[in-house]
Structures are given as C-alpha cells and as structure tokens.
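Undergrad: Dropping the structure in here first, questions after.
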Amino acid sequence: MGCHLCEIWCAVAHSRSKDILKAFLYEPARPLPRLVVEEDLPVTLPVPCRHCEEPPCAEACISGALYRDPASGRVEHDASRCVGCYSCVMACPYGALVIDEANRRVVKCDLCKDVDEPACVSHCPNKALLYQA
C-alpha cells in the first residue's frame, strides 16, 4: 500500500537509540533506511539488498568494503573500508544500495543481523514482506 513503514522501521533499527521517537527527533544524525520503496502508483515495491550469490556490487567495490560472507550468505559492508566511490551503486542491478551523503559512503541492508527477523518484515502492517533465513 506504499506506507513506507519498512523504511521507517529500518532506519530506527539502524539508529543509535533504537527508539522511533528518539531516532527521528533527538539524534544528531537522522538514521538512514537500508531499503527504498519505489512507487509507480498504484504499484509500490520495497527494494532491499538481494544478497546475491555472485554480488556485482562486491565485484565493483575497489576497496573491498563489500564482500559476501560464505558462512551466512549475506553481502556484508565494512563501512570503515568504504571510500565513497559509489561503484557498487552503479553495479547493483536492483538499485538496492543507499548513498549516505553526510558520510560520503553507502549503506545497505544487513538483514538486521542482530535479530531473528529484519525490522522491515516484523513491522509491515500488511505482512507484504517475508523473510526466509
């Protein structure tokens, strides 16, 4: 339905406070969602990272900040190694990487790796998003 709650809860999950009010009202840097909802009404579609088996973003990454973890299967992002060249953004066929303009780097879906179910899935009011580990 295009409510964008997946974006909001993703940003909250990646905020310092993990609290919806504190994250948007009191944190000095507004948290960024790791997915974007594309709209071409009446159709809306959330676009998170697909964690590809052969990720083009990781192949394009000149600093090695993006890599596929063989144990979990996730495409991980080491922000400390990101040089902000945005080669990964251009290489991703899904448009799933988000540019963090304030820090000159990218952010991407990490499937909320510290919890059992990603925030976008657990907070979707229509159960439109599914997660299979």
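The values are calculated or read from the model by the stated rules, or taken from the named source; none is laboratory data. Everything numeric in this text was worked out from a predicted model, so none of it was measured. A quick note on method: Cβ atoms are made from the backbone with ideal geometry, for glycine too, and the neighbour counts reach across all protein chains shown.
Undergrad: Please work out which one of (1) free of Cβ contacts under 8 Å to residues at least 24 places away in the same chain; (2) in contact with a strand residue (DSSP E or B) (Cβ under 6 Å, 6 or more places away or on another chain); (3) not in a loop (DSSP other than H, G, I, E, B) is the condition A58 fails and give its number.
TA: Only one criterion is unmet by A58, namely (1).
Undergrad: Out of A79, A102, A91, report the one residue that is surrounded by fewer than 16 Cβ atoms within 10 Å (Cβ to Cβ) and either at pLDDT 95 or above or touching an Asp or Glu at 6+ places or on another chain (Cβ under 9 Å) (or both).
TA: Testing whether each residue is surrounded by fewer than 16 Cβ atoms within 10 Å (Cβ to Cβ) and either at pLDDT 95 or above or touching an Asp or Glu at 6+ places or on another chain (Cβ under 9 Å) (or both) leaves just A79.
Undergrad: Check C82 against each of (1) within 12 Å of the chain's Cα centre (by Cα); (2) farther than 30 Å from M1 by Cα and name the one condition it does not meet.
TA: Only one criterion in (1) within 12 Å of the chain's Cα centre (by Cα); (2) farther than 30 Å from M1 by Cα is unmet by C82, namely (1).
Undergrad: When you look at S122, is it touching a residue at least 40 places away in the same chain (Cβ under 8 Å), among the small types (G, A, S) and surrounded by fewer than 17 Cβ atoms within 10 Å (Cβ to Cβ), yes or no?
TA: Numbers: touching a residue at least 40 places away in the same chain (Cβ under 8 Å): yes; among the small types (G, A, S): yes; surrounded by fewer than 17 Cβ atoms within 10 Å (Cβ to Cβ): yes.
Judged against the criteria, S122 is a match.
Undergrad: Among the residues of the range 11-20, which ones are of a type outside the set (G, A, S), part of a loop (DSSP other than H, G, I, E, B) and farther than 20 Å from V106 by Cα?
TA: Scanning the range 11-20 gives K18, D19.
Undergrad: If you scan the range 21-42, which residues turn out to be touching a Ser or Thr at 6+ places or on another chain (Cβ under 8 Å) and in a loop (DSSP other than H, G, I, E, B)?
TA: Y26, E27, P31
Undergrad: Any idea how many residues of the range 74-133 are in contact with a strand residue (DSSP E or B) (Cβ under 9 Å, 6 or more places away or on another chain), within 24 Å of E59 (Cβ to Cβ), of a type outside the set (S, T, Y) and not in a helix (DSSP H, G or I)?
TA: 21
Undergrad: If only one of V37, V12, V47 is in contact with a His (Cβ under 6 Å, 6 or more places away or on another chain) and closer than 21 Å to D100 by Cβ, which one is it?
TA: Answer to the selection: V37.
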